[in-house]
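**Q** Have a look at this one before I ask anything.
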Amino acid sequence: MIDAQLNKILKPILGVFVKKLSKFNINPNTISFIGFVFGLCCFYSIANAMFIYAFIFLCLNRLCDGLDGAMARLVGETDLGAFYDIILDFLFYSLFPLSFIILDLDNAYSICFLLFSFVATQTSFLASAWIIEKNKLSISDGQKKSFFYAGGITEGFETIICFIMMIFLNEFVSYIAYIFGILCWITFITRVLFIRKLLKPKNTNLFFS
């Protein structure tokens, strides 16, 4: 919901970091994969109830997610880099909740609901980007990304806050998962309505037209 505003603040800061990292000839894709390794470490830490370590690895994973994009902007963006970035993000977003089922099987129902909700937001995110690109629709939103970023009330920042709450309030994981899952469905619905409004013929009022 506030990702666009945060990006304006974080981009200059990340730019300073990547200029120093560029001296070591670190590839943006390398940063993406290092970030995913941190994500795996976060998964392992939660599954073994090492929550402080989990928080540290979560922060490192998200830092790499910001640095790889900043590095790509510095040395040159590629379609392959954007591909790696998004699939590794989505894999981590699935792995993170699963760790709480390993931690406590009683979390299974709520985590399954959250994962189902993530599928809804992720598919609507990708489908929206594909529709925009396929139809060459012009949307003035100030974005400078490899693909159109469909917003919502559960964007990156809100997801990170949810994950942090799940780590430190792990006894309430089920409640957090259900609440955030519902918010994800609201995001899904708003994206569907947004794309429908862009593509819907003006001479019909039918929802499934």
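**Q** Using +1 on the beta carbon of Lys and Arg, -1 on that of Asp and Glu, and nothing else charged, what's the dipole of the chain about the Cα centre, debye to 20?
**A** My answer is approximately 940 debye.
**Q** Same structure again: Counting alpha carbon pairs within less than 8 Å and at least 6 residues apart, what relative contact order, in whole percent, applies to the chain?
**A** 23
**Q** So, one more: Would you be so kind as to identify all helices of the chain, as entire DSSP H runs, whose Cα atoms reach 30 Å or more along the helix's own axis and whose mean Kyte-Doolittle hydropathy is at least -1.0?
**A** Result, helices passing both filters: 51-75, 79-103, 108-134, 173-199.
**Q** Measuring with a 1.4 Å probe in the full set of protein chains, what accessible area per residue, in whole Å², belongs to the chain?
**A** 59
**Q** Dividing the alpha-carbon radius of gyration of the chain by 2.2 N^0.38 Å (N being the number of residues), what value is obtained?
**A** It is 1.09.
**Q** For every helix of n ≥ 4 consecutive DSSP H residues, a contribution of -39,500 (n - 2.57) applies; sum these over the chain, divide by its total residues, and give [θ] at 222 nm rounded to the nearest 500 deg cm²/dmol.
**A** Dividing the helical sum by the residues of the chain leaves -26000 deg cm²/dmol.
The values are calculated or read from the model by the stated rules, or taken from the named source; none is laboratory data. The shown structure was predicted, so the numbers you read here are calculated from the model rather than taken from an experiment. Methodologically, a virtual Cβ is constructed for each residue, glycine included, from the backbone with ideal geometry; neighbour enumeration extends over all protein chains shown. What goes into the accessible areas is simple: the full protein's heavy atoms, side chains included, and nothing from ligands, DNA or RNA. Shrake-Rupley method; radii C 1.70, N 1.55, O 1.52, S 1.80 Å.
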